[in-house]
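Engineer: Okay, here's the structure, questions in a sec.
Where a number appears in this text, it was derived from the coordinates with a stated rule and is not lab data. Note that the structure is predicted; figures quoted are calculated from it, not measured. Cβ atoms come from the backbone with ideal geometry, glycine included; neighbour counts cover every protein chain shown.
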């Protein structure tokens, strides 16, 4: 639903058309789809699988099943075998985040959306594991790039500082970093192969990356939701001083504040996704705010859970560090919170 | 979403507001005649409570359409009602729980702005703990005899009417023996005293003393000993106007900051974060509207008050800091700071809000 008469709202000129709410809540169909995703991801990737990957590294064997179920098709245009919009995609990616899915699902969605923004969509968008490298200067066949969540990717999308977007094949050897923060989402050194497509600079980089930022933001909201829920569950069973620790007001307030921050992030993601889907001029600014807010919220939730668990949360055996690692690895990708808040505040102002 | 109603409302504003109103709203803030006439005209043309049924003065609009109308009014800085709690809290309560006679007697004058109401809830010993209130109402035939005191009562000195929360049964557990009475403040035995506030920017309030005040039994709103439900429903109404106003207040607080070209990076970061708060308030409010419109269980209102009120405080403080860059604090922004203090206190303090979020939304157990 696009209202082409809606002007870019700035901090100084909001409008009653901003009362448009219909794309902020996913359709019933998508909500059901996301609920199914939650179950399936939990079944495919229980924490035992994630723990094992800390020793053995991630595997791609679940990827084809994920593609078959349609999770990689959401938010792609019909002409490329997709359905729904970015507003629908974020519901699925939040579930991927919640399950700490150890596949480049979110980053492939981010890369695909970036290709689409640059007019480089292609028929294998839904099936190709793709990395995204922003700030790539002088990327060319044979050069080596550091790739976020790059261990299993078969293609790379690069975005140069001036907004040139390229799609590269990947030379088979990928070297995963030695001490990955999150072994299930490790950075990899990748050698670029053939340049498959390219678009010259056109739109501003922050426009090109708006949808990608929304994807990563949705993933972070999921990670935050997982950790908040786990923290609450712990507070509901752990007793000290003769009562549940969750009955103490100090604990309640920490949890409440984390919940508020997470809903703030979820709202920013929903608003940014709707703006991207509608082609609204607000998309750029909202995507910056969504990524910033979700990074903060995810870190806060994972920090809170660590605090609530006490020493138990600092063991390898606990599931806690899986989420801590995921949040810390992901938070700075496509810009950390402070940076993006500065960019959002600077947006549209004389520099 | 149809924009027809919005277009019609805009035409109404253009017709009813003075020609020089837009851009000069601040000047008209104290124009009581305009404010009263505007409210009456809004009600008469169905714009005051547009989601209400036509026979009660509304236009039967769906919630999102009514919301767009309210946002438009707020954006145009339309003249504020003289007594917002009357239309925002009392009228919905009377509509929901009043007898036919009470609705007939009070609804129209209240909505039209002719009957003003004070909310008699807090007492010196009962603020956050409203259930601890001690103003008593003893039954004598077909009357109650009321004794006690209320405080922080906004506009009690200007209102004819008061929704008064009293203890009618001292033997029942705290919130079970409370009744809501509709009280005529001209009744003998009532003494209203205005309290001087810390500054003009702090909203005026009063203390009200009740000395053997006679209130007819037919002035009970809802059930005898059923006043707690009235109080709780009162707190839920107008939830949308609160977040809309927080959103716009934050916008206005940030306007002088946004206009500057000399912001340091750390100030840009804070500005950006406050923009995130601003959009976060707006989008959370709209998600809540969407949930309600679609019949999806909605827990978002519970976070909006604490989130919105604290964001406004941060915004006002930041704005004062930025405009005071030369070392001299500016009074206009200080007024915004002063005004922002009350928002985390009334209608359930931020601390209480956090407890409610933790207990009712997230399932944590009560303390005792």
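Engineer: With an 8 Å Cα cut-off and a minimum separation of 6 or more residues, compute the relative contact order for segment B:73-175 in percent. Let's see the in-between values first.
Structural biologist: Working: 133 pairs, mean separation 27.7, N = 103.
Answer for segment B:73-175 is 27 percent.
Engineer: Also, I was wondering about something else. What whole-number distance in Å separates the alpha-carbon centres of segment B:343-362 and segment A:37-71?
Structural biologist: 39 Å
Engineer: When a footprinting reagent is the concern and you count Cβ atoms within 10 Å, what order do A:50, B:250 take, fewest first?
Structural biologist: The most exposed by this proxy come first: A:50, B:250.
Engineer: Return the Rg/Rh value of segment B:146-241, two decimal places, where both radii are evaluated on C-alpha atoms and Rh is the Kirkwood radius.
Structural biologist: For segment B:146-241, the value is 0.99.
Engineer: Grab the beta carbon distance between residue B:27 and residue B:204, set R0 = 22 Å, and tell me the FRET efficiency rounded to 0.05.
Structural biologist: 0.60
Engineer: Bin width 20 Å, alpha-carbon pairs only: give the P(r) of the protein assembly as shown as whole percents, running from 0 to the bin holding the largest distance.
Structural biologist: 16, 45, 30, 9, 1
Engineer: Now, a different point. Angle, helix B:265-294 long axis vs. longest principal axis of chain B, Cα atoms, 0 to 90°, nearest 10?
Structural biologist: Value to nearest ten degrees: 50.
Engineer: What angle, in degrees between 0 and 90 and rounded to the nearest 10, separates the Cα long axis of helix B:239-258 from the longest principal axis of the Cα atoms of chain B?
Structural biologist: It is inclined by approximately 30 degrees.
Engineer: Show me A:100-107, B:292-299 ranked by packing, highest mean number of other Cβ atoms within 10 Å first.
Structural biologist: Most protected by this proxy first, the peptides run A:100-107, B:292-299.
Engineer: Take every residue in peptide A:246-257, count the Cβ atoms of other chains within 10 Å of its Cβ, and give the average of those counts.
Structural biologist: 6
Engineer: Oh, and also: Would you work out the Kirkwood radius for segment A:135-212? I mean one over the mean of 1/r across all pairs of different Cα atoms, in Å.
Structural biologist: 13.0 Å
Engineer: In peptide A:151-162, how many Cβ atoms from other protein chains are near each Cβ within 10 Å, on average?
Structural biologist: Rounded to a whole number, the mean comes out at 0.
Engineer: Once the Cα gyration tensor of segment A:32-161 is diagonalised, what are the square roots of 5 times its eigenvalues, in whole Å and ordered largest first, as equivalent ellipsoid semi-axes?
Structural biologist: Value: 24, 20, 11 Å, ordered largest first.
Engineer: Tell me what chain B gives for mean residue ellipticity at 222 nm when only DSSP H runs of n ≥ 4 count, each as -39,500 (n - 2.57), the sum divided by the residue total, rounded to 500 deg cm²/dmol.
Structural biologist: Helix-only estimate at 222 nm: -13500 deg cm²/dmol.
Engineer: A further question on this structure: Taking the number of other C-beta atoms within 10 Å as the exposure measure, put B:304, A:289 in order starting with the fewest. Could the numbers behind the result be given before it?
Structural biologist: Values: B:304 23, A:289 36.
Taking fewest neighbouring Cβ atoms as first place, the list is B:304, A:289.
Engineer: Okay, next question. When the Kirkwood hydrodynamic radius is evaluated over all pairs of different C-alpha atoms of segment A:196-351, what value in angstrom, to one decimal, is obtained?
Structural biologist: Values: mean 1/r = 0.0600 Å⁻¹.
That comes to 16.7 Å for segment A:196-351.
Engineer: How large, in Å, is segment A:287-350 by the Kirkwood hydrodynamic radius built from its alpha-carbon pairs?
Structural biologist: Evaluated over segment A:287-350, this radius sits at 12.8 Å.
Engineer: Assuming R0 = 51 Å, what is the FRET efficiency of residue B:171 and residue B:298, from their Cβ-Cβ distance, to the nearest 0.05?
Structural biologist: With a Förster radius of 51 Å, E is 0.85.
Engineer: Against the longest principal axis of chain B, how steep is helix B:32-44, in degrees 0 to 90 to the nearest 10, with axes from Cα atoms?
Structural biologist: Taking the Cα atoms of chain B, the angle to B:32-44 is about 80 degrees.
Engineer: Just rank A:120, A:226, A:93, fewest to most, by other beta-carbon atoms within 10 angstrom.
Structural biologist: Exposure proxy ranking, most exposed first: A:120, A:226, A:93.
Engineer: What FRET efficiency would be calculated for the residue pair residue B:325, residue B:4, taking the C-beta separation as r and a Förster radius of 41 Å, to the nearest 0.05?
Structural biologist: 0.30
Engineer: Also, I was wondering about something else. Would you compute, for the Cα atoms of segment B:1-95, the largest minus smallest coordinate along each principal axis and list the three values in descending order, in whole Å?
Structural biologist: Here the Cα extents, ordered largest to smallest, are 33, 30, 18 Å.
Engineer: Between segment A:129-203 and segment B:6-59, what's the alpha-carbon centroid distance in Å?
Structural biologist: So the two Cα centres are separated by 58 Å.
Engineer: I'd like the projected area of segment A:209-255, averaged over all directions, using the convex hull of its alpha carbons. Report it in nm² with one decimal. Working shown, then result.
Structural biologist: Numbers: hull surface 14.4 nm².
Mean shadow area of the hull around the Cα atoms is 3.6 nm².
Engineer: Gap in Å between the Cα centre of segment B:277-332 and the Cα centre of segment A:246-301?
Structural biologist: 13 Å
Engineer: Roughly how compact is chain B, stated as its Cα Rg over 2.2 N^0.38 Å to two decimals?
Structural biologist: 1.04
Engineer: Which values, in whole Å and largest first, are the semi-axes of the equivalent ellipsoid of chain A obtained as the square root of 5 times each eigenvalue of the Cα gyration tensor?
Structural biologist: So the equivalent ellipsoid measures 31, 26, 19 Å along its semi-axes.
Engineer: Calculate for chain A the 222 nm mean residue ellipticity that helices alone would give, adding -39,500 (n - 2.57) per DSSP H run of length 4 or more and normalising by residue count, nearest 500 deg cm²/dmol.
Structural biologist: About -15500 deg cm²/dmol.
Engineer: Compute from the Cα atoms of segment B:208-320 the Rg and the Dmax, the latter being the longest Cα-Cα distance, and quote both in angstrom.
Structural biologist: 20.2, 64
Engineer: If I take every Cα pair under 8 Å that is 6 or more residues apart in segment B:107-252, average their sequence separation and divide by the length, what percent do I get for the relative contact order?
Structural biologist: RCO, segment B:107-252: 23 percent.
Engineer: Next question. Taking only C-alpha pairs under 8 Å that are 6+ residues apart, what is the relative contact order of segment B:10-69 in percent? Don't jump to the answer; show the numbers that get you there.
Structural biologist: Numbers: 46 pairs, mean separation 11.1, N = 60.
Across segment B:10-69, relative contact order equals 18 percent.
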